[in-house]
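Asker: Handing you a structure now.
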Amino acid sequence: MLLSDCMAHCLERHYPAFEDTTQADVVLGVLRREGLEAVPVLRDRKFVALVSYADFYRILEKKGTLEGLTMRKLGLKKAPAVASGDDLFVFFSRLGSISGPVIPVVDEGGVFEGVIRKDRLLGRVAEIFHLGAEGMTLELEVPAFGMKISEVVDAIEKNDATVQSFGSYIPSPEGEGMVIILRLIAQDPFRLVKNLEKYGYVIRYAAPLSAVTDEDLKEKALEFIRFMDL
């Protein structure tokens with residue numbers, strides 16, 4: 001998924017940004033007035049750095065004033081940005097290198113396009129992977145080798161469930177198992193879990209089984225008692 005696809009929902013093109021010839025006290029005034037934590041600094045429309053309250057306070061502690069200082073004279077460190085053509089998920093591996101609450105976005109030539117707020121980006125990713133309140137989370141422990149994801153999906157869909165997204169990880173470097181995490185819609189979560197256990201899958205986590213009503217659970221319990229009576 002290209003970052004540009006996500007930007008249709010998240011990119012703020014009118015977020016305040018300033019050329020590095022702007023007076024520093026003007027930029028600080030905007031931060032205070034708009035209640036922002038950081039704003040981009042540009043040079044000839046190309047992104048250079050993010051400036052935050054911490055940067056201004058550092059200069060104020062050292063010089064005592066911002067009078068006569070332009071943004072270029074603050075000695076800001078060059079900061080990374082993301083290009084709108086980047087892949088969204090490859091970009092996530094670099095997210096930790098961008099400090100602050102906003103992510104600067106540039107075009108292929110480095111020209112500033114706007115920012116994406118990190119909380120909105122994370123919200124968009126949650127939508128993509130269906131991590132909201134609706135749906136069910138299922139964690140299965142499977143062998144790290146020789147197991148096909150298609151087999152797992154097939155077993156789940158045979159039980160009237162639809163897989164919406166999935167991921168995987170290895171719990172420990174020494175382990176031989178892998179954990180598959182699935183987000184799905186299940187008609188009957190209780191039956192799904194029990195049938196998967198019959199197939200030999202190890203269920204690490206399944207929620208919410210509370211999606212099954214108390215009446216449903218009561219009926220299942222009564223069915224089991226009747227079966228035992230037979």
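Asker: Only one of these is open to solvent by 60 Å² or more (accessible area, probe 1.4 Å) and more than 25 Å from residue 126 (Cα to Cα): 13, 45, 94. Name it.
Answerer: Exactly one of 13, 45, 94 is open to solvent by 60 Å² or more (accessible area, probe 1.4 Å) and more than 25 Å from residue 126 (Cα to Cα), namely 45.
Asker: Residues of segment 149-167 being exposed (fewer than 14 other Cβ atoms within 10 Å of the Cβ) and in contact with a helix residue (DSSP H, G or I) (Cβ under 9 Å, 6 or more places away or on another chain), which ones?
Answerer: Scanning segment 149-167 gives 158, 160, 162, 165.
Asker: Give the residue, chosen from 38, 79, that is crowded, with 19+ Cβ neighbours inside 10 Å and not hydroxyl-bearing (Ser, Thr, Tyr).
Answerer: Matching residue, one of 38, 79: 38.
Asker: Can you list residue pairs whose Cβ atoms sit under 7 Å apart, with the first residue in segment 114-132 being closer than 17 Å to residue 163 by Cβ and the second being modelled with pLDDT of 80 or more and not small (Gly, Ala, Ser)? Count only pairs 6 or more apart in sequence or on different chains.
Answerer: So the pair list comes out as 129/183; 130/164; 130/183; 131/183.
Asker: Pick from 138, 122: which is buried (at least 16 other Cβ atoms within 10 Å of the Cβ) and either aliphatic (A, V, I, L, M) or farther than 30 Å from residue 42 by Cα (or both)?
Answerer: Exactly one of 138, 122 is buried (at least 16 other Cβ atoms within 10 Å of the Cβ) and either aliphatic (A, V, I, L, M) or farther than 30 Å from residue 42 by Cα (or both), namely 138.
Asker: Please note which strands (runs of 3 or more DSSP E) are completely contained in segment 75-164 and include at least 2 residues that are under 16 Å from the mean Cα position of the chain (by Cα).
Answerer: Ranges flagged: 102-106, 112-117.
The values are calculated or read from the model by the stated rules, or taken from the named source; none is laboratory data. Being a predicted model, the structure only gives us computed values, none of them experimental. So basically every Cβ, Gly included, is an ideal-geometry build from the backbone, and we count neighbours across all protein chains shown. Note: accessible area is taken over every heavy atom of the protein model, side chains too, but ligands, DNA and RNA are not part of it. Shrake-Rupley method; radii C 1.70, N 1.55, O 1.52, S 1.80 Å.
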